[in-house]
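Computed from the coordinates by the stated procedures, all read-outs in this text should not be read as laboratory data. The model shown is predicted, which means the values in this text are computed figures rather than measured ones. Virtual Cβ from ideal backbone geometry, glycine too; neighbours counted across all protein chains shown.
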Amino acid sequence: MKHMIKKIFAGVLCVAAVLSLTACGGQNKIPTIGINQYGEHSSLDNCREGFLQGLKDAGLEEGVDYQIDYQNAGFDDTIAGQIASSFAANNVALMCAIATPSATACFAAAEDKDIPVIFTAITDPVEAGLDSGNITGTSDKLPVEAQLELIRALQPEAETIGILYTTSEPNSVSAIAEYEALAGDYGFVIESVGVTAQSEVAQAADTLIARGVDCFSNLTDNNVVGVLASVLEKTNEAGIPVYGSEVEQVKLGCVASAGIEYFELGRRTGAMAASILLGEATCQDLPYETIRDYDIYINSQALAELGIQLPEDVASQAVEAGQA
């Protein structure tokens, strides 16, 4: 009888131990990486895919060394904040923030929890206030001078460049300022129209078209990029070329771009995250990096439809993106 009681008591202790481990997260020992992506378009998707590849390149295996909690904010700042707060409440091991609104939200939510934040696809981390603290990542700063040189080469007679941007987006405001500072050196005047939401982009495009701009130059502004197809419908009808800021925009129908490759941007971000997860470095040890290598991408079909001839010196270094 005593022996039976001891066995029952031992079993109770065993069950209690299991329940205790479960309550303390014993069934969830794999570190969670929370990915907060501001919205869905090809550039940001490529950042995410590159980020995951960067983790793999570092020898980390999903499901063994980490697990992913991927959330998409649908270009909504409020939702981006809610996602960040949920990550903080769940004590994720690391937050990956794709685009500035998501990065700002994650940084605010993680600050009191001491959760590292790795960002990507941010043009100006300093302007966004994301250049110090438990945060680091990669910048997709635009090669503005190279873009202006490209536009001048393809449109020797052009005078005005139209740019759409979000007024609350620090990176876009910073990019506009750089365009305005450099445009005169290439004989251009910048005509810009700001929006506060994605729903205003189409009307803003109409405004620039009505002003008679010679071309559009696109930023990495997510509100604009998210509806770029509808902008291109308007500009194509008006016979106005649009220059993208990276390869995916050229694939979509922009005539050309001096831009970076976002998968590689994400891969470098993943490598930084891996160093932190492996305990090899902290965010403070890894200053944010600006990816400076760029390529000239062209869409031959879009160029032909708008009657733009490609100079030989540009063609010799260009990468065809239109058929990708």
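What to note about this one:
- Subtracting the Cα-Cα distance of residue 316 and residue 199 from 0.36 nm times their residue separation leaves 38.2 nm of extension gain.
- For segment 150-204 versus segment 263-279, the gap between their alpha-carbon centres in whole angstrom: 32 Å
- Local electrostatic count, residue 177, Cβ distance below 13 Å [Lys/Arg +1, Asp/Glu -1]: -4
- Charge context of residue 293, other residues only, Cβ under 10 angstrom, K/R +1, D/E -1: -2
- Counting neighbouring Cβ atoms within 10 Å and putting the fewest first, the residues 306, 232 line up as 306, 232.
- Taking 1.002 mPa s as the viscosity and 20 °C as the temperature, the Stokes-Einstein diffusion coefficient of segment 22-98 based on its alpha-carbon Kirkwood radius rounds to 162 µm²/s.
- Least to most buried among 272, 95 (fewest other Cβ within 10 Å first): 272, 95
- Size descriptors for segment 138-253 (Cα atoms only): Rg and Dmax, in that order, 12.8, 37 Å.
- Put simply, the chain fits an ellipsoid with semi-axes of 47, 19, 17 Å; these come from the alpha carbon gyration tensor as the roots of five times its eigenvalues, largest first.
- Over the chain, DSSP H runs of length four or greater, each weighted -39,500 (n - 2.57), average out per residue to a 222 nm ellipticity of -13500 deg cm²/dmol.
- The residue list 239, 137, 217 was ranked by how far each Cα lies along the charge dipole of the chain toward its positive end, using unit charges on Cβ atoms, and 137 comes out on top.
- Counting Lys and Arg as +1 and Asp and Glu as -1 over every other residue whose Cβ lies under 14 Å from the Cβ of residue 88, the net charge comes to -3.
- Residue among 80, 304, 93 with the largest mean-square fluctuation in a Gaussian network model of the chain, springs linking Cα atoms under 10 Å: 304
- Among 124, 214, 293: highest mean-square fluctuation, GNM of the chain, C-alpha pairs under 10 Å: 293
- Using C-alpha pairs under 8 Å with a sequence gap of at least 6, the mean separation divided by the residue count of the chain gives a relative contact order of 20 percent.
- Amide H contacts for residue 189 (H built 1.01 Å from N in the peptide plane; partners 5 or more residues away or on another chain; cut-off under 5 Å): 160, 161.
- Max mean-square fluctuation residue, GNM over the chain, Cα-Cα springs under 10 Å, options 105, 73, 58: 58
- Across the cross-link table entries 29/113; 141/234; 141/251, which are compared at the Cα atoms, the separations over 23 Å belong to 141/234.
- Across all Cα pairs in segment 188-283, the calculated P(r) in 10 Å bins from zero up to the longest distance comes to 14, 40, 22, 14, 8, 1 percent per bin.
- Averaging 1/r over every pair of different alpha carbons in segment 53-161 and inverting the result gives a Kirkwood radius of 15.9 Å.
- In terms of surrounding Cβ atoms within a 10 Å radius of their Cβ, 174, 86, 139, 245 rank from fewest to most as 86, 174, 139, 245.
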